[in-house]
Amino acid sequence: MNQILKFADVQLYYDHVYALKGVSLEVNEGETVALVGANGAGKSSILRAITGLRKIKSGEIHYNGRRIDAAAPDAIVKMGIAMVPEGRRVFPYMSVKDNLLMGAFTRSDKAEIAGSLEMVLGRFPRLKERYSQAAGTMSGGEQQMLVIGRALMAKPRLLLLDEPSLGVAPKLVQDLARSIVAINRDEKVSVLLVEQNSRMALRISQRAYALTTGSVALSGNSADLLTDERVKHLYLGGEI
Ligand SMILES: Nc1ncnc2c1ncn2[C@@H]1O[C@H](COP(=O)(O)OP(=O)(O)OP(=O)(O)O)[C@@H](O)[C@H]1O
Ligand SMILES: [Mg+2]
């Protein structure tokens with residue numbers, strides 16, 4: 001299997017306080033990999049390091065066999081990595097359409113951009129219905145679809161999702177999970193999924209890493225982790 005992302009022994013600090021103290025993980029081509037762990041464990045810091053938003057102190061990050069830990073954030077987007085950050089930030093006064101087009105800012109081929117737009121609207125019909133609506137007036141779940149759609153407009157090969165289910169109504173979480181599975185499968189996009197909803201994340205991923213205060217505490221096949229007593233106790237609220 002081809003490795004698309006390799007995160008090797010990475011340390012990351014905020015001032016003098018460490019957030020990652022030697023984290024290693026991999027994402028293989030075509031995989032969905034989940035990253036679970038408590039608040040403050042370092043999940044978002046991993047995504048910030050991959051996207052170049054935060055420089056690492058030591059270790060290496062490789063994407064497609066190329067070292068990227070010194071690259072600038074826009075260069076990293078161009079290489080095919082897109083992130084949906086925490087807190088689903090849409091441009092509230094811009095239409096759904098313009099929000100989506102913002103996602104294509106690193107691309108120049110108009111026909112290809114139109115093709116991506118069609119793909120996103122096909123995948124999220126709700127966005128098509130609300131095409132001209134100001135993004136800020138949409139529901140939380142709709143805004144989450146929009147930020148995922150916007151990330152897809154960059155035509156990524158690796159999609160980083162930071163807690164997409166947060167603030168989404170329980171009924172819609174399942175739809176969201178299905179969309180993530182479909183994007184991974186149909187668009188040939190590898191996914192690194194950070195989730196508070198560990199059960200959902202483990203169900204839709206092939207492998208997972210559980211973080212505890214800046215270190216990987218457990219990793220393995222998601223199906224195995226779902227039934228692991230330690231995981232149940234620490235991350236799944238004790239029951240399944
Ligand atoms: N800008 C910052 N300045 C200082 N410390 C920070 C900063 N961002 C994060 N941290 C600290 O780094 C640690 C890891 O934070 P991070 O945001 O990666 O955690 P997380 O696992 O994503 O948590 P959550 O589930 O709450 O989103 C935390 O202790 C946090 O307080
Ligand atoms: Mg976070």
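Just the number, please: Stokes-Einstein D of the range 82-240 in µm²/s, Kirkwood Rh from C-alpha pairs, 4 °C, 1.567 mPa s. Display every interim value, and only then the final one.
On the way: Rh = 16.5 Å.
In µm²/s, the coefficient is 79.
Between Glu29 and Arg89, how many nm apart are label points set 7 Å from Cα along the C-beta direction?
Inter-label distance under the simple model: 3.4 nm.
Given the Cα-Cα distance of Val181 and Leu101 and 0.36 nm per residue of separation, how much length would full extension add, in nm? Intermediate values should be presented prior to the final figure.
Numbers: separation 80, 0.36 × 80 = 28.80 nm, distance 2.33 nm.
Result for the pair: 26.5 nm of gain on full extension.
Can you pull the one-decimal nm distance between simple spin-label points at Val17 and Ala111, each 7 Å off the Cα toward Cβ?
5.3 nm
Of the peptides 216-224, 19-27, 147-155, 83-91, how do they stack up when ordered by the mean number of other Cβ atoms within 10 Å, highest first? Mind showing how you got there, number by number?
Details: 216-224: 15.4, 19-27: 19.8, 147-155: 23.0, 83-91: 17.8.
My ranking of the peptides, most packed first, is 147-155, 19-27, 83-91, 216-224.
Enter the per residue convex hull volume of the range 5-150, computed from alpha-carbon coordinates, in Å³ rounded to the nearest integer. Working shown, then result.
Numbers: hull volume 19.8 nm³, N = 146.
It comes to 135 Å³ per residue, whole-number rounded.
Net charge around Asn99, counting only other residues with Cβ within less than 13 Å of its Cβ (Lys, Arg = +1; Asp, Glu = -1)?
Working: positive: Arg88, Arg89, Lys97, Arg130, Arg150; negative: Asp98, Glu142.
Surrounding charge for Asn99 is +3.
Students often forget the sequence filter, so: which aspartates and glutamates lie under 20 Å Cα-Cα from Lys57 once same-chain residues fewer than 8 apart are removed?
Cα-Cα hits under 20 Å: Asp9, Asp15, Glu26, Asp69.
What full-extension length gain, to one decimal in nm, is calculated for Arg126 and Arg66 as 0.36 nm per residue of separation minus the Cα-Cα distance? Before the final figure, lay out each step's value.
Values: separation 60, 0.36 × 60 = 21.60 nm, distance 3.76 nm.
Length gained, Arg126 through Arg66: 17.8 nm.
Counting DSSP beta bridges in the chain, what percent are antiparallel, to the nearest 5? Present the calculation step by step, with values, prior to reporting the outcome.
On the way: 23 of 41 bridges.
Just about 55 percent of them are antiparallel.
What full-extension length gain, to one decimal in nm, is calculated for Gln196 and Leu53 as 0.36 nm per residue of separation minus the Cα-Cα distance?
Numbers: separation 143, 0.36 × 143 = 51.48 nm, distance 2.19 nm.
Contour length minus Cα-Cα distance gives 49.3 nm.
A short reminder: the numbers here are calculations on the coordinates, not readings from a lab. Everything numeric in this text was worked out from a predicted model, so none of it was measured. Note: ideal-geometry Cβ built from the backbone for every residue, glycine included; neighbour counts use all protein chains shown.
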